[in-house]
Amino acid sequence: MAPSTLPESFSFAELVALPEVDEQLVLRSSFGFAAYHGGNLERRTELIAAEAAERSGASYYGVVQPIDMHHHISSTKIDPAVSEQFTKFVEHCRVVVTVHGYGRRGMYTSLLCGGGNRLLAAHVARRLRDSLPAYRIVDEIDDIPKKLRGLHRKNPCNLTSGGGMQLELPPRVRGLTPLVDYWPGASETTSTFPHLEQLIEGLAEAARTWDTATT
């Protein structure tokens with residue numbers, strides 16, 4: 001079966017078992033970043049999560065789909081129990097930020113800070129406002145569209161011992177904009193585009209300062 005013809009019923013267990021899919025895990029601190037809709041699905045989310053984790057000494061989990069695959073599995077159907085690597089990540093991390101991509105008309109500069117740990121969401125939002133003053137950072141849960149709030153108990157952002165937040169990113173801040181064509185050195189695999197670089201550094205700073213913020 002070609003990756004581009006996967007049926008809608010294709011499960012997370014079946015997805016990560018495919019040789020074309022790259023499941024990634026790096027365990028560091030108990031603060032985690034995850035991007036399980038990475039690769040050609042929600043583009044650059046795994047780059048953002050992995051780079052923020054590396055800069056801050058945080059842990060990282062990602063699922064990267066190849067260029068010819070675009071298979072979306074709802075977050076509430078992504079069960080750590082079917083993946084040894086995801087289970088290790090969830091058990092190791094105290095809190096997690098899951099990184100997603102979205103696109104909605106009229107919200108091209110809105111970053112949405114959802115998830116069940118509202119203290120963490122507010123903390124990350126403060127750091128992102130410092131890093132990205134040209135963007136609207138939304139952490140009032142009622143201002144986030146219901147389908148993007150990440151509050152379901154089965155959502156992976158809520159499965160670690162301390163819970164977590166779901167970060168929804170529009171295309172522009174991920175560097176998916178024609179402006180990138182005019183920026184020297186920017187590419188699909190680097191963070192040299194200024195908005196993307198500022199986003200990653202804001203997330204890394206949020207991870208570095210989380211323990212201080214809660215004591």
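Scanning the range 60-94 for residues that are farther than 21 Å from S9 by Cβ and assigned to a helix (DSSP H, G or I) gives E84, Q85, T87, K88, F89, V90, E91, H92. Checked against the criterion of being surrounded by 13 or more Cβ atoms within 10 Å (Cβ to Cβ) and either of a type in the set (D, E) or modelled with pLDDT under 90 (or both), the range 138-151 has at least one qualifying residue.
Considering L159, L169, L128, the condition of being surrounded by 21 or more Cβ atoms within 10 Å (Cβ to Cβ), among the aliphatic types (A, V, I, L, M) and closer than 19 Å to V26 by Cα is satisfied by L159 alone.
All conditions in (1) surrounded by fewer than 16 Cβ atoms within 10 Å (Cβ to Cβ); (2) not in a loop (DSSP other than H, G, I, E, B) hold for E8, with the sole exception of (2). Once the range 43-86 is narrowed to residues that are within 15 Å of A17 (Cβ to Cβ) and without any contact (Cβ under 8 Å) to a residue 12 or more places away in the chain, the residue that is surrounded by the most Cβ atoms within 10 Å (Cβ to Cβ) is E84. Each residue in the range 23-42 was checked for being in contact with a Pro (Cβ under 9 Å, 6 or more places away or on another chain), crowded, with 18+ Cβ neighbours inside 10 Å and over 30 Å from D211 (Cβ atoms), and 1 of them qualify.
Within the range 25-59, the set of residues being more than 10 Å from the chain's Cα centre (by Cα), assigned to a helix (DSSP H, G or I) and not hydrophobic (A, V, I, L, M, F, W, C) comprises E51, E54, R55, S56. Every condition in (1) among the hydroxyl-bearing types (S, T, Y); (2) assigned to a loop (DSSP other than H, G, I, E, B); (3) buried (at least 19 other Cβ atoms within 10 Å of the Cβ) holds for Y108 except the one numbered (3).
Quick one: is V99 under 22 Å from H195 (Cα atoms), at pLDDT 95 or above and buried (at least 22 other Cβ atoms within 10 Å of the Cβ)? Considered against the rule, which asks whether it is under 22 Å from H195 (Cα atoms), at pLDDT 95 or above and buried (at least 22 other Cβ atoms within 10 Å of the Cβ), V99 comes out as yes.
Within the option set E91, E20, being loosely packed, with under 15 Cβ neighbours inside 10 Å, in contact with an Asp or Glu (Cβ under 9 Å, 6 or more places away or on another chain) and over 21 Å from R149 (Cα atoms) holds for one residue only, E20.
The values are calculated or read from the model by the stated rules, or taken from the named source; none is laboratory data. In this text, all values refer to a predicted model and were calculated from it rather than measured experimentally. For neighbour counting, all protein chains shown are included, and Cβ atoms are generated from backbone atoms with ideal geometry for every residue, glycine included.
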